[in-house]
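The values are calculated or read from the model by the stated rules, or taken from the named source; none is laboratory data. Fair warning: this is a prediction, and the values are worked out from it, not measured in the lab. No Cβ is skipped: glycine too gets one built from the backbone with ideal geometry, and neighbour counts run over all protein chains shown. The accessibility values were calculated without ligands, DNA or RNA, using every heavy atom of the protein model including side chains. Shrake-Rupley method; radii C 1.70, N 1.55, O 1.52, S 1.80 Å.
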Protein chains: 2
Amino acid sequence: MSTEQEVRATAERAREASFSLALVSRAAKDAALHAMADALEGRRDEVLAANAADVRRAEQAGTPANIVDRLRLDEERVAGMARGLREVAGLADPVGEVVRGGTLANGLELRQLRVPFGVVGIIYEARPNVTADAAGLCLKSGNAALLRGSGNALTSNTAIVTVLREAIAEQGLPADAVQLVPGEGHEGAKVLMRARGLVDVLIPRGGAGLIRSVVEESMVPVIETGVGNCHVYVDRAADLDKALAIVLNAKTHRTSVCNAAESLLVHEDVADEFLPVVIEALHEAGVTIHGDERFAEYDHVVAASDEDYAKEYLSLDIAAAVVPDLEGAVRHIRTWSTGHTEAIVTEDQSAARRFTARVDSAAVLVNASTRFTDGGEFGFGAEIGISTQKLHARGPMGLVEMTSTKYVVTGDGHIR
Amino acid sequence: MSTEQEVRATAERAREASFSLALVSRAAKDAALHAMADALEGRRDEVLAANAADVRRAEQAGTPANIVDRLRLDEERVAGMARGLREVAGLADPVGEVVRGGTLANGLELRQLRVPFGVVGIIYEARPNVTADAAGLCLKSGNAALLRGSGNALTSNTAIVTVLREAIAEQGLPADAVQLVPGEGHEGAKVLMRARGLVDVLIPRGGAGLIRSVVEESMVPVIETGVGNCHVYVDRAADLDKALAIVLNAKTHRTSVCNAAESLLVHEDVADEFLPVVIEALHEAGVTIHGDERFAEYDHVVAASDEDYAKEYLSLDIAAAVVPDLEGAVRHIRTWSTGHTEAIVTEDQSAARRFTARVDSAAVLVNASTRFTDGGEFGFGAEIGISTQKLHARGPMGLVEMTSTKYVVTGDGHIR
C-alpha cells in the first residue's frame, strides 16, 4: 500500500471507531482512562526501553541536547502521563450537554446538543507524553484520535499507543479510538491534511514553523494553537510594584512556554521612574533587554529592531519600548501581537476598560501575569492547547472545545 | 495597483473599520441599520436602474433565464432588503455577552465575552439582495464586511453598497464597515482567500462548486455552508399519514433550497404498504422518483444509480431506497449524506433515540419536515447561512455564530 492508502485506511478505521465512541457513557470512558493509566504504569519498563532506543538514536545523530531532553522519558514522566489520564477521568463529560433548547411557537422541540467532532488529528513535536495526553482528551470527549508525533519519537510513541490500545480494547471500547498515523517523514502528515471528509479537525501542537505549515497546507479545518508574542503594558496609572512583579513573573517564571511575556511596553509618564528599576531587575534575573531608544539610554539594554518586536523568543530575552499613551500601546500590540495574551498594569478603571475593549487577543489580563492564560489555571482541568484563532475556540481549549454540536428537533408530523 | 494590492488595501481598510465597529453600542448599530433600510428605499430608482443594466447585459450574453431571474431586482425585492435590515436591527446584539465567568480560587476574575470576528469575507453568487443581508448581519455583529458577489451583479452590488456606505457614514460609523472586493473575474476572490491575518473568516454562500473551491483553496478559516443531500427515513413504526405529509412537504414545498429532501429511505416492513402510496403522491406532485430495485417494481419509478444517492437535486427529483432496518438507514446516510439535515418518521421512542444519537448531521429531526432547518424557523431571526461543518458553528448561523470570544481576566497584581 502507498502511504496515502495506508493513512486513509487508518483514518477510515478511526471514523468507524468514532461512531461507537460517540455513544459510550461517561462511566465507560472513565473506566477506560483509568485502565490506560494503570497499563502505562504496569508496563513502564516496556515504554522506557522503547524510549531509550529513541534517545540513543537521537544522541548518535547529534540531536541538540534540549531536544533530546524533551524526548526523554523517565519514571516520573511516565507517572505524570498516568496521572494526567486519571485527572481527565475526573473531569465532566461535555458530550450530551444541552447548549440551548426550547419549544418553538409551532410546538417543535429544539435542542442543541454537544457531540464529539468525530475524528481529530493531532500533529505534534518531540515530547512523547503528548501522545498519552492527547489520547486521553480525545477519548473523554468521544473523539477518535489520529496521532502524528515526530519521527525521532516513533519508537516511544508506538510503545505508548500499543499499551493504550490494549487497555482500551480490554475495557470493551474500540482500540482504533487511538492510532498513530503511518508514513515516513512528512508524508503521513501531508496525507492527513488532505483527508477532508475523513478527518474532522486538525490540531497542530508545537513550534511556529509546524503550526504555519499545517495552517497553510491543510484542507481539513485546523485549530491554530500556541504562538505567543505576549505583551505587558505598564500604564501611566500602574502600581509600579505590581508592575515589576508581573513583568518579572511573566518573563522569567518559565521562558519556553507560549504564555511567557516577550514584549514590555511602558507609558512615557512613568518611564523615568520605572525603566531603571525594571531594567535592573530583569538584568539581575539574567534577561537580555532589546529596547527602543528610550530604553537604550540605560545600561544592560541592546538596541531592538522590528524583528525583536515580532519575535516569540521563548528565552531570557524581552523586547521593550516606551509608548506615548494607552492608544500607542494598543497600536503597538495590533502591529506585532500574535493574538495570544496581553496584560495591562493599571489602577485606572477607565484605562483597564479601554485596553480590554480595544486589544483583540485570546486573553486580555488586568493586573495579572500573562502566565495565567492556561487551561489548568482557568479551571478547565486539562488543555489540548491554546487557540490563537477566532473560529470555534479561542484561548485555552479544554474538553468542551473538543466538541461540536448538533440540533435535535422533535415534532409530531410537523410540516411547513 | 495590482489586484492583489487593491484587495489587500481594501482588507486593511476593513480591518481599521473593524477596530471602531467592535466598540459601537447596540443603539448606534441599530440606528445605522434603519438608516441603511431607509436609504435603500429612498434611492430605490438608482438601485433598480443599476440592476436593469446588469439584467440587460446578462440577457444579451444569453444567460439562462433562471439565473437572470435571480439577478433581477424589483420594488418588492428592494422593499424586502429594507425589511431584512430592520429585522436585524430588532435582534439582540451578541457582542459583549458573558459566555462564562467566575472567580478562580486565587481571586482572579475570569470572563469569556463575545466579540466580533473582525473582518468577515463573504463570497456569493447572483442574488444582489445577499449584499444587503450580509452587510446588515455583519454590521449588527460588529464585523466589517468584505463582499464578493458574482461578476454579473457587479453594477447592482456597487449601487447597493454605495447607498449603504453613505447611510452608515451619515450615522457616524465607518463607511469601510461595508466594502465590495475589487478585481476582475476570480482574481479578487483568490486574493481574499490568501489574506490570512487580514481577513478573519470567509463564508461562501452559493452552489456546491463555489463552496468546494473556497474550502479547498482558502488559507483563511472558512465556514462551509449549505450543500444539503437531506434524507427522510420512514421507520417500521412510522405513522404513515405523517410520513406521507412529511415526505411531500420536504420534497415539494420548495425544491431549490438546501433543506429540501433529496433522498427517501423506507423500512422494508412497511414498504408494501407505503411504497404504492408515496410513489403515487410524489408522481402526482410532479416528482421523478429514482428508486432502487424494490421501488422500481412500481410504475413511475426510474432506476437509481450511486450518483442519485449522492446528489443534491434541487429539483423535482428524489432518490429512494428500501432499507432492512434502522441501522441500514443510518449506514446509507453515513455513506451519502452531506451532514445537513436528516429526518426520521417514527412513533417508536427507542428508534427516535437511536436515530438521533447515531446520525451525525447538523440537524436531526423526528417527525418533522427537513424544511424546518432554517435560522428563521429556529427562532434566530435571520441567518447568514447553514453550516455543514463541525468547527465553530453547525446548522443555521445567526448573529451569535458571527462572533468569536475573548477572555478578560482581572487580578490585583497576581503572579504565578
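For A:Thr103 and B:Asp241, a Förster radius of 25 Å and the Cβ-Cβ distance give a FRET efficiency of 0.60, rounded to the nearest 0.05.
Here the extension length gained between B:Ala281 and B:Asp348 equals 21.6 nm, from 0.36 nm per residue of separation less the Cα-Cα distance. Relative contact order for chain B: 18 percent, from Cα pairs under 8 Å spaced at least 6 residues apart, divided by residue count. Derived from the Cα gyration tensor, the three semi-axes of the equivalent ellipsoid of region B:230-376 are 19, 17, 14 Å, largest first.
Of the residues B:His231, B:His290, B:Thr341, the one whose Cα sits farthest toward the positive end of the charge dipole of region B:230-376, with +1 on the Cβ of Lys and Arg and -1 on the Cβ of Asp and Glu, is B:Thr341.
Residues considered: B:Glu224, B:Glu280, B:Glu109. Largest GNM mean-square fluctuation over chain B, using C-alpha springs under 10 Å, is found at B:Glu109. GNM remark for chain A: springs join alpha carbons under 10 Å apart, and the peak mean-square fluctuation among A:Val119, A:Val302, A:Val214 falls on A:Val302. Once C-alpha pairs closer than 8 Å and six or more residues apart are averaged by separation and normalised to the residue number of region B:230-376, the relative contact order reads 34 percent. Of all chain A residues, the closest to the A-onto-B rotation axis by Cβ, with that distance in whole Å, is A:His392, 2. The distance between label points at B:Ser213 and A:Ala92 comes to 4.6 nm (points 7 Å beyond Cα on the Cα→Cβ vector).
The translational diffusion coefficient of the protein assembly as shown, from Stokes-Einstein at 4 °C and 1.567 mPa s with a Kirkwood hydrodynamic radius over alpha carbon pairs, comes to 45 µm²/s. Peptide A:60-73 has a mean of 0 when you count, residue by residue, the C-beta atoms of other protein chains within 10 Å of its C-beta. With a threshold of 29 Å on the Cα-Cα distance, the over-threshold entries among B:Lys190/B:Lys311; A:Lys190/A:Lys311; A:Lys390/B:Lys311 are A:Lys390/B:Lys311.
Averaged across B:109-116, how many Cβ atoms of other chains sit within 10 Å of each residue's Cβ atom?
3
Express the carbon and sulfur contribution to the solvent-accessible surface of region A:230-376 as a percent, rounded to the nearest whole number, probe 1.4 angstrom.
Percent of accessible area from carbon and sulfur atoms in region A:230-376: 44.
Neighbouring Cβ atoms from other chains, within 10 Å of the Cβ of residues in B:366-377, number 5 on average.
For region A:78-145, the normalised intensity computed at q = 0.27 Å⁻¹ comes to -1.15 (log10 of I(q)/I(0), Debye sum over alpha carbons, equal scatterers, no solvent). At the residue level, A:Asp412 shows approximately 100 square angstrom of accessible surface with a 1.4 angstrom probe and all protein chains present. Against chain A, whose longest principal axis is taken from its Cα atoms, helix A:129-140 shows a tilt of about 60°. Averaging the sequence gap over all C-alpha pairs within less than 8 Å and six or more residues apart, then dividing by the number of residues, gives region B:161-312 a relative contact order of 15 percent. On the beta carbon distance between B:Ala65 and B:Glu184, with R0 = 30 Å, the FRET formula returns roughly 0.70. Over 39 Å, how big is the tail of the calculated P(r) for chain A, in percent of all Cα pairs? Here the long-distance tail beyond 39 Å is 28 percent of all Cα pairs in chain A.
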